[in-house]
Amino acid sequence: MGKPTIIAVDDDAPVLAAVRADLRSRYADGYRIVAAGSGETALEAVEELTRRGEDVALFVVDQKMPGMQGTDFLLAAAPYFPEARKILLTAYADTQAAITSINEIGLDHYILKPWHPPEDNLYPVIDDLIDDWAANRPAPFDGIRVVGARWDAATHDVKDWLARNRLPYRFLDVERDPEARALLAAADEEEALLPLVFFADGSVAVRPDPRVLAERVGLRVTASAPFYDLVVVGAGPAGLAAAVYGASEGLRVAVIERQATGGQAGTTSLIENYLGFPSGVSGADLARRATAQAERFGAEILTAAEVTGIRVEGTTRVLTLSDGSEVACHAALIASGMKVRRLDVPGYERFTGAGVYYGVSRSEARSYEGEKVFVVGGANSAGQAAMLFSRHAAEVTLVVRGGSLRDKMSQYLVDQVEATPNIRVLTSTGVAAVDGGDHLERITLRDGASDRSWGEEAAGLFIFVGAVPHTDFLAGLVETNDRGFIPTGPDLMREGSRPKGWPLDRDPYLLETSVPGIFAAGDVRDGAVRRVASAVGQGAICVSFVHRYLETV
């Protein structure tokens with residue numbers, strides 16, 4: 001954010017030049033001085049500053065102007081910068097209008113023209129007003145602002161993408177925040193589809209998709225070269241580990257990620273069982289560190305880019321992206337992880353993004369202060385989400401289909417959940433239905449043992465079950481099992497025989513798929529231990545097999 005602004009407005013050119021000169025001589029070091037010859041022109045400047053996220057400290061405005069008088073301008077500008085101080089420049093005959101304005105528009109001071117010498121008649125007044133403004137000024141926010149509605153699914157998608165990519169933003173609710181309405185007016189988008197995203201450079205995007213967001217914030221969305229030694233599909237722990245080790249060992253590496261680096265692990269509030277972090281590490285912090293490390297070694301990371309297919313052309317593997325472009329490589333690593341499978345529960349589809357969510361971010365948890373939240377799932381991700389919500393929500397209910405938390409959740413996390421007073425655990429229970437108006441308000445729970453059903457009020461329902469491997473883009477090329485997971489290495493051997501169509505005179509390497517030169521690691525791999533450390537180890541080990549493969553092409 002740049003310097004705060006002082007806006008001077010007067011239709012008399014010599015007077016405007018004089019007030020601008022006096023303001024610049026005293027305040028130019030700490031403030032930007034903007035001069036306008038009419039109220040209409042000044043209002044356009046106010047709107048532009050609003051779009052840019054800049055701040056206005058003071059208006060110095062002439063009262064007698066054709067078209068829009070000074071008091072009219074101050075009244076129109078007030079919604080944009082309600083904390084800005086206001087001075088009216090007036091002739092002696094107009095002092096009554098200035099006095100009336102003190103009550104009507106909250107005028108802070110009026111100054112009679114001419115005000116010379118400014119050291120006696122102008123500066124003392126302005127010094128006092130801008131000191132008061134600075135002392136009471138809210139902390140400036142120099143970043144992305146999202147104007148939308150809390151229960152709007154598209155707004156949630158934008159917020160979720162920004163949060164997953166660790167991009168600071170400020171959310172402004174059109175129903176609650178006056179600043180949101182001012183931004184909409186400044187953008188002339190009162191009837192626009194929500195959300196609107198305002199960037200620091202003053203540009204605005206209406207209901208942007210992830211690719212537009214990525215481009216606007218400076219993330220790479222297209223490959224810089226047509227060919228790489230290794231292309232990694234997915235930037236979770238396995239993919240980032242492969243990128244770090246591959247790039248550090250001299251391979252030209254590109255990583256293609258459809259959402260955000262870190263994958264599912266990147267959304268975890270606290271990973272407490274990862275080696276080397278005795279106090280735990282947040283998934284976001286681990287993802288940030290790993291991303292920076294990979295890029296430091298020269299790996300190229302594409303964000304908001306999705307692989308839709310792969311084909312083999314001799315020793316070349318060609319990946320097709322959702323925008324129609326292609327990236328070729330000698331070797332590819334599939335580390336695409338899991339994707340959400342929509343659950344068939346009455347009401348889920350209607351309220352997805354409006355109270356029903358798959359996964360959660362830290363920023364989302366804070367919006368449920370003092371409310372009742374339900375988390376569905378019995379594994380670590382659900383337990384971590386419950387712990388995150390417990391810091392904000394009045395009550396968190398963990399809905400577990402199994403008979404015990406200990407069936408799938410790590411013991412350290414079970415102990416934390418059981419020791420947290422505002423977390424309630426319901427085992428052998430499922431969600432039968434959800435209901436509400438324009439957003440989720442109630443859920444129906446069913447006891448699996450007794451088949452008893454009952455309803456409860458709910459502000460949010462967060463689902464951590466139903467994930468499936470993201471391997472549909474491999475259909476017809478790489479062998480998968482009936483659940484979509486990818487067998488590799490020894491698991492491909494059937495009674496000592498290599499996979500059908502295997503062209504090489506050797507067995508598949510440990511992490512190699514049924515297609516030579518295409519490897520798999522992380523959650524997408526059949527039989528993988530679903531832990532961050534395991535995924536990192538597989539990604540690192542895979543690079544050694546990539547080297548061995550490259551020696552043969």
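Quick notes on this structure:
- Top-ranked residue of region 440-454 - restricted to ones that are hydrophobic (A, V, I, L, M, F, W, C) and loosely packed, with under 12 Cβ neighbours inside 10 Å, ranked as farthest from V400 (Cα to Cα): W454
- Filter pass, K64 being among the charged types (D, E, K, R), touching a strand residue (DSSP E or B) at 6+ places or on another chain (Cβ under 6 Å) and either assigned to a loop (DSSP other than H, G, I, E, B) or on the phi > 0 side of the Ramachandran plot (or both): no
- If you filter region 175-191 down to residues that are part of a loop (DSSP other than H, G, I, E, B) and in contact with a helix residue (DSSP H, G or I) (Cβ under 7 Å, 6 or more places away or on another chain), you find that the one that is modelled with the highest pLDDT is A187.
- Those residues of region 394-420 which are touching a strand residue (DSSP E or B) at 6+ places or on another chain (Cβ under 6 Å) and either polar (S, T, N, Q) or in contact (Cβ under 8 Å) with a residue 40 or more places away in the chain (or both), in sequence order: T397, V399, R401
- Qualifying residue in region 54-63 (condition: farther than 19 Å from H116 by Cα and among the β-branched types (V, I, T)): yes
- Test: E83 is open to solvent by 30 Å² or more (accessible area, probe 1.4 Å) and modelled with pLDDT of 90 or more: no
- Hits in region 216-235 - residues which are open to solvent by 10 Å² or more (accessible area, probe 1.4 Å), under 19 Å from the mean Cα position of the chain (by Cα) and in contact (Cβ under 8 Å) with a residue 60 or more places away in the chain: V217, L219, R220, V221
- Test: residue in region 392-411 that is in a loop (DSSP other than H, G, I, E, B), at pLDDT 95 or above, open to solvent by less than 10 Å² (accessible area, probe 1.4 Å) and more than 28 Å from D472 (Cα to Cα): yes
- All positions within region 150-174 that are β-branched (V, I, T) and either in a strand (DSSP E or B) or more than 8 Å from the chain's Cα centre (by Cα) (or both): T155, V174
- Candidates in region 351-383 are the residues that are out of contact with any strand residue (DSSP E or B) (no Cβ under 8 Å at 6 or more places or on another chain), farther than 12 Å from F462 by Cα and part of a helix (DSSP H, G or I); of these, the one that is modelled with the lowest pLDDT is R362.
- Qualifying residue in region 455-468 (condition: over 30 Å from H439 (Cα atoms) and open to solvent by 20 Å² or more (accessible area, probe 1.4 Å)): no
- Against the list (1) in a helix (DSSP H, G or I); (2) modelled with pLDDT of 90 or more, the condition R145 fails is (1).
- When residues in region 299-335 are screened for being of a type in the set (A, V, I, L, M, F, W, C), under 16 Å from A475 (Cα atoms) and in contact with a helix residue (DSSP H, G or I) (Cβ under 7 Å, 6 or more places away or on another chain), 5 of them pass.
The values are calculated or read from the model by the stated rules, or taken from the named source; none is laboratory data. Since this is a predicted model, take the numbers as computed values, not measurements. As a convention, Cβ positions derive from the backbone with ideal geometry for all residues, glycine included, and neighbour counts pool all protein chains shown. SASA here: full protein model, heavy atoms, side chains in, ligands and nucleic acids out. Shrake-Rupley method; radii C 1.70, N 1.55, O 1.52, S 1.80 Å.
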